[in-house]
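The values are calculated or read from the model by the stated rules, or taken from the named source; none is laboratory data. All figures in this text were calculated on a predicted structure; none of them were measured in a lab. When we count neighbours, we look across all protein chains shown, and the Cβ atoms used for this are built from the backbone with ideal geometry, even at glycine. In case anyone asks, the SASA skips ligands and DNA or RNA and just uses the protein heavy atoms, side chains included. Shrake-Rupley method; radii C 1.70, N 1.55, O 1.52, S 1.80 Å.
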Amino acid sequence: MARENNNTGEAVGEFRITVGEIKREGFSSSKDNAVEVGVKGELTSFQPARTKPLVYGKIDPCATFTVLRDSNESQIDWKVKMTDSTVSLTVKGEGETDSPRVEVGLNDDTTKSLDSTAKKNHNSKAFAAAKKLGEERRWKYSSNWKVWPEKIIIDACPKVSSTEQNKIDSSGVCGVYVRSRCRQTVNQDALWVHEGKCDELTLYILIRPNVNRTGPDTAIISSSIDHTDASSVLAILPSSWEPCDALKPECHVLKDVKLTNWERTARLECKILKSNVKVDSPNDVSDVFVSVSGLNKIESSLLCNG
């Protein structure tokens, strides 16, 4: 964590290192080729939360690097987050499956209750404001809320410009996505898996929750089943979109889809200071899990304070 005023003031950024499993492209832990193991570094700037227009809630990393196990690369390869591209896509659904609301037992009484709540005097102004912002669905369900598509077909809109078409093609998000039968594994049981060749990168349609409740949940297209892995997100669908919209012809054309852009850079370096700290797990002492030596007073204090 980096702070102002010689590390005593307000937090301005964070650098986080993950060691071990850093990415998974499937649910089965037995498939070694579906799991990436190594070291991952993520640099996050808190500047978006400090300058207008303010960003609330979780902030995604602005730079990241990955070093895989058994990698022969001697130099760390950094990627920096660039400005997103905005495109239009057609998102069509085929077949019908039960929505998670139906699967948990909700029925028509739920929609009647929501309608009644929105019309109450003490809620009418808030509902009108939400409707004006295009957030009506935070109060009411869609007309076809009981069904989600079995398949989702994503393609570029007809008559798009050559520049936009190139961006869509390079993103690789187009294709057919089939809903997984797995339940209780991802947020809202929303998981569609791209029908691709075995040697192609597996893509997923997921719903990324807004755990801070500073806004609605959003659907994403990612190369990882972990919705928190920001560096694997390829596209972000508008927050007003729900999977049931793919079954409504009037909602097939989806505007303002954001395609994420990451560029490699040699301007960032990750340097690790030399340390005398040694960590060992002794085999001859049954009641000691980890032995740490070489810590100074400051390091000991930091560890004790969490």
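Taking 7 Å along the Cα-to-C-beta vector as the label spot, tell me the residue 112-residue 2 distance in nanometres, rounded to one decimal.
Computed distance between label sites residue 112 and residue 2 equals 5.8 nm.
Which value in deg cm²/dmol, rounded to the nearest 500, describes the helix-derived mean residue ellipticity at 222 nm for the chain, given -39,500 (n - 2.57) per DSSP H run of n ≥ 4 and division by the residue count?
Roughly -4500 deg cm²/dmol at 222 nm, from the helical runs in the chain.
Which order do the peptides 121-128, 87-94, 213-220 come out in when sorted by mean C-beta neighbours inside 10 angstrom, highest first?
Ranked from most to least packed, the peptides come out as 87-94, 213-220, 121-128.
With all protein chains present, how much of the accessible area of the chain (probe radius 1.4 Å) comes from carbon and sulfur, to the nearest whole percent?
49
Any idea what the relative contact order of the chain is, in percent, if you count C-alpha pairs under 8 Å spaced at least 6 apart?
That works out to 17 percent.
So if I restrict to the alpha-carbon atoms in region 98-143, what is the Rg, and what is Dmax, the biggest pairwise distance, in Å?
11.8, 34
Can you give the accessible area of residue 148, probe radius 1.4 Å, in Å² rounded to 10?
Only protein atoms counted, so the area is about 20 Å².
With an 8 Å cut-off on Cα pairs and a minimum separation of 6 or more residues, tell me the relative contact order of region 183-306 in percent.
In percent, rounded to a whole number, it is 13.
Loop only per DSSP, at most 11 neighbouring Cβ atoms within 10 Å: give me the chymotrypsin sites (Phe, Trp or Tyr not before Pro) in region 194-303, ordered by residue number.
Loop-located and lightly packed - 289.
Checking the table 146/258; 112/151; 92/167; 146/167 against a 31 Å threshold on Cα-Cα, which pairs fail?
146/167
When the Kirkwood radius is taken over all Cα pairs of region 248-306, what Stokes-Einstein diffusion coefficient follows at 25 °C and 0.890 mPa s, in µm²/s?
Here the translational diffusion coefficient equals 139 µm²/s.
In whole Å, what are the Cα extents of the chain along the three principal axes, biggest one first?
Result for the chain: principal-axis Cα extents of 65, 51, 45 Å.
So for the pair residue 188, residue 289, with labels modelled 7 Å out along Cα→Cβ, what separation do we get in nm?
Distance between label points: 3.7 nm.
What full-extension length gain, to one decimal in nm, is calculated for residue 280 and residue 54 as 0.36 nm per residue of separation minus the Cα-Cα distance?
Value of the extension gain: 76.9 nm.
Counting only heavy atoms of the protein chains, get the accessible area per residue of the chain (1.4 Å probe) and round it to a whole Å² value.
Computed with neighbouring chains in place, this is 65 Å² per residue.
Alpha carbons only, please: Rg and Dmax for region 86-184, in angstrom.
Rg and Dmax of region 86-184, Cα atoms, are 18.2, 51 Å.
How big, in percent, is the set of alpha carbon pairs in region 1-160 lying more than 28 Å apart?
Percentage above 28 Å: 58.
Put a dot 7 Å past each Cα toward the Cβ at residue 103 and residue 77; how far apart are the dots in nm?
Going by the 7 Å Cα→Cβ label model, 3.6 nm.
Given contacts defined as C-alpha pairs under 8 Å and at least six residues apart, what's the relative contact order of region 1-145, whole-number percent?
Result for region 1-145 is 13 percent.
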